[in-house]
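Right, one structure below, let's go through it.
The values are calculated or read from the model by the stated rules, or taken from the named source; none is laboratory data. None of these values were measured; they are calculated from a predicted model. Note: ideal-geometry Cβ built from the backbone for every residue, glycine included; neighbour counts use all protein chains shown. Ligands, DNA and RNA are stripped out before the accessible areas are found, and what is left, the full protein with its side chains, is counted by its heavy atoms. Shrake-Rupley method; radii C 1.70, N 1.55, O 1.52, S 1.80 Å.
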Amino acid sequence: MFKILVVEDNPLILEGICKMIDWDRCDGVLVGKAQDGDEALQLITDKLPDLVITDIRMPGKDGIYL
């Protein structure tokens, strides 16, 4: 299974993405979600995800930096 992290600064979109995708069907498990680049960077260090789904423009470090 792939470990997946979702990063989005808009809470409604973040929750929508996390609930809309059938992670088991994608052979994945959601290991975390973050609302800004700084929080995401910490989760990347802690959880070591295989895949990061990220917004490009957000507070702190942007998606390009990640």
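Within segment 34-63, can you find the residues that are within 11 Å of residue 6 (Cβ to Cβ) and touching a helix residue (DSSP H, G or I) at 6+ places or on another chain (Cβ under 6 Å)?
Initial filter on segment 34-63 (within 11 Å of residue 6 (Cβ to Cβ)): 34-35, 40, 43, 49, 51-55.
Listed by number, the list holds a single entry, 34.
Residues being assigned to a loop (DSSP other than H, G, I, E, B), among the charged types (D, E, K, R) and either open to solvent by less than 70 Å² (accessible area, probe 1.4 Å) or within 20 Å of residue 61 (Cβ to Cβ) (or both): count how many of those fall in segment 13-47. Write out each step before concluding.
Just the residues of segment 13-47 that are assigned to a loop (DSSP other than H, G, I, E, B), to begin with: 21-27, 35-36.
If we keep only those that are among the charged types (D, E, K, R) as well, we get 22, 24-25, 27, 36.
Pick out the ones that are also either open to solvent by less than 70 Å² (accessible area, probe 1.4 Å) or within 20 Å of residue 61 (Cβ to Cβ) (or both) and you get 36.
So the count comes out to 1.
Scanning segment 1-12 for residues being farther than 18 Å from residue 61 by Cβ and touching a residue at least 40 places away in the same chain (Cβ under 8 Å) gives a total of 3.
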